1. With at the interface with chain A (Cβ under 10 Å from one of its Cβ atoms), modelled with pLDDT under 90 and in contact with a Pro (Cβ under 6 Å, 6 or more places away or on another chain) as the only criterion, which of B:R294, B:R267 stands out?
2. So how many residues does the stretch B:157-179 have that are among the hydrophobic types (A, V, I, L, M, F, W, C) and under 21 Å from B:D40 (Cα atoms)?
3. Looking at A:T13, A:T69, which one is touching a residue at least 24 places away in the same chain (Cβ under 8 Å), in a helix (DSSP H, G or I) and over 15 Å from the mean Cα position of the chain (by Cα)?
4. Quick one: A:C79 ticks every box in (1) in a helix (DSSP H, G or I); (2) farther than 18 Å from A:L20 by Cα except a single one, so which number is it?
5. Inspect all residues belonging to the stretch A:71-84 and state whether any of them is within 12 Å of chain B (Cβ to nearest Cβ) and within 30 Å of B:G68 (Cα to Cα).
6. Of these, B:L296, B:L221, B:L242, B:L259, which one is surrounded by 23 or more Cβ atoms within 10 Å (Cβ to Cβ) and of a type outside the set (F, W, Y)?
7. Could we say that A:A236 is in contact with a Ser or Thr (Cβ under 6 Å, 6 or more places away or on another chain), more than 10 Å from every other protein chain (Cβ to nearest Cβ) and touching a residue at least 60 places away in the same chain (Cβ under 8 Å) here?
8. Enumerate the helices (runs of 4 or more DSSP H) found wholly within the stretch B:154-223, keeping only those where 2 or more residues are under 19 Å from B:T243 (Cα atoms).
Amino acid sequence: MEIALQQLVNGLTVGAFYALIALGYTMVYGIIRLINFAHGDIYAVGAFFGLSTYGLLALLHVDNTILTTLLALIVSMGCTGLLGMLLFRVAYRPLLHARLSILISAIGASLTLEYGLLLIYSPSFLVYPHLFGRNGPSFGGISISWLQVLIFVSSIVLMAGLYTMVHRTKTGMAMRALAINQDAARLMGINVNRVIGLTFFMGSALASFAGVLTGLYYSQISFLMGFLIGLKAFTAAVLGGIGNIPGAVLGGFLLGIMESLAAGYYSSRWKDVVAFGILIVILVVRPRGLLGERVVERM
Amino acid sequence: MKTRSVALARPAQTGSRPLYLAGLTAAAVVAAIALPAFGDAYLIDVGTLVLVYVMLGLGLNIVVGFAGLLDLGYAAFFAIGAYTTAYFMVNTHMSFWLTLPIAACFTGVSGVIIGAPTLRMRSDYLAIVTLGFGEIVRIAATNFTFTGGPEGIYGIPHAALGALVIRTPRALYFLGMAFALVVLVGGYNLSTSRLGRAWLAIREDESAAQATGINTVYFKLLAYVLGAVFAGAAGSFFAVKLTAINPSSFTFIQSVTILMAIILGGRGSLPGVILGAAVIVVLPEVLRAFDQVRMLAFGIGLIAMMLLRPQGLWPSRYGRIEAREVAESEAEAAAGVAAGAAVVDSAAPGASS
């Protein structure tokens, strides 16, 4: 039982990362029906931008943990968000009506980001500043670190903020309109390209938030870190129902918990197979996911 | 709106084939024949590797080029073929030729298992599922003991033809050439058959294809399984060529490299795929010093190709005809609109006065 609870805590932490990244997949898919293969790498770029910010602040002798972390998060989210918009402008916007071409372009974007990071930073692992210890509240034999609490709480706050934005503001309404019918939305006077660009900005910013926190949590990052987690976050989005925001969050946490339990009880070498197995089973049994609507092939 | 069906009914244009393509074909044939006679062991080895990618490229071309399905885990079938041949040759001392049908069976069956449930859905999902499948196969090969774990299987015997053991680079080149030719002829016959036309119809407009009575799921599955079997054969050859295989040959990057050969050459175009395979093997050999930049160049290359020349370096004839037909019909429509506007214009003054 103790193992189960401990794995549940770990699962919720990893699940928060999956959920934050899955939101980007689901928002972009909901609006332009594109599986943004480069999204996992956007998350990696976010982690590296965060590391650069920490390095810069250390040079300037700013060493207040809360201040540096806050600045690293904000700078990384802003820069990564802009990079996401740039990616849309360059690699996706001209190809919006060519389905196969845009997917191939997305794979190209993914490779470009990965090996761009390799060339600019390093082909090996880079060490993140070790700012948060392993101590924290403990319940019985289960140990929780304050960092885990921070990751969980801040992710929930961001997700709630995103949900409110999409459902309560005018921009959010424009996004939902676009998801239903792009041409009709354009006729209503919505600046389609601006709204899609904004969606890319928000999705990328959320991914970079997860990236910086991942760096702090695992204390090392590498240029390929986004590949596997991107695939898993996509799995989470499909599990919850792609195009559905609460679904992505639910899918992320569920996947994180299932994977941690598999690692705790069976073997961590097979945990990736568990994730992909779930993806294939979901697509076969219930392709619309847990909360999604029916998937219809778009004409 | 769309006049593509008209384009398909017309006889294919043959007179417009540019002269430089004929020259390139002749040069390629001469080079392929001259290589084993005049090249040294290194050059012949590079040539054999080109042939491996020609097999893989032509196989994936059935899936991506003909049927328009994006497969991102193609290396998985390559791996299944290679591991099947390696396992049976090492553990049961089976002849290479007997392992070929077994490899074909295994890859075909795994193609059905992955394809049958997913081909009913949007093709984007297929891309992700195949990616996941590719990773599962690679992780499984790394973790199982019968596949030799991370070290893989080594000491694979050479293939033999009667008393003749195919061991030298030159002999392997000829074996590879035989495989590649079989795959090429197979690919050509498929593309000109009823099956090929059905794939083309599905690729261009799935709903229209379904409306004309094509069982789209069945034909897509057939494309996927045939592509898988071709990759299995390439894998079998790969195993006896290297005599040692391990999971690092079957990564996602491998799948992307094969895809790159097709995109570069031209989706659906057989000479294009051969050209693409030659480029992706020879270019890294020439640019050895820039190894780290290779994948970055691949990434930028994929985006640039999609933006600037999505049809590839040597596009398929059908692609060109369609592009021209669409342009013509659009021009006609534009002319029609302009004519209509002129009528309205000339009518307008009369109406206002």
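1. Numbers: B:R267 fails: in contact with a Pro (Cβ under 6 Å, 6 or more places away or on another chain).
One residue alone meets the criteria, B:R294.
2. 8
3. Result: A:T69 is the single residue among A:T13, A:T69 that is touching a residue at least 24 places away in the same chain (Cβ under 8 Å), in a helix (DSSP H, G or I) and over 15 Å from the mean Cα position of the chain (by Cα).
4. So A:C79 meets the others, but not (2).
5. Scanning the stretch A:71-84 turns up no residue that is within 12 Å of chain B (Cβ to nearest Cβ) and within 30 Å of B:G68 (Cα to Cα).
6. Checking each option against the conditions leaves just B:L259.
7. In short, no.
8. Working: elements: B:169-192, B:194-204, B:206-211.
The helices (runs of 4 or more DSSP H) meeting that bar are B:169-192.
The values are calculated or read from the model by the stated rules, or taken from the named source; none is laboratory data. Quantities reported herein were computed from a predicted structural model and do not represent experimental measurements. Note: ideal-geometry Cβ built from the backbone for every residue, glycine included; neighbour counts use all protein chains shown.
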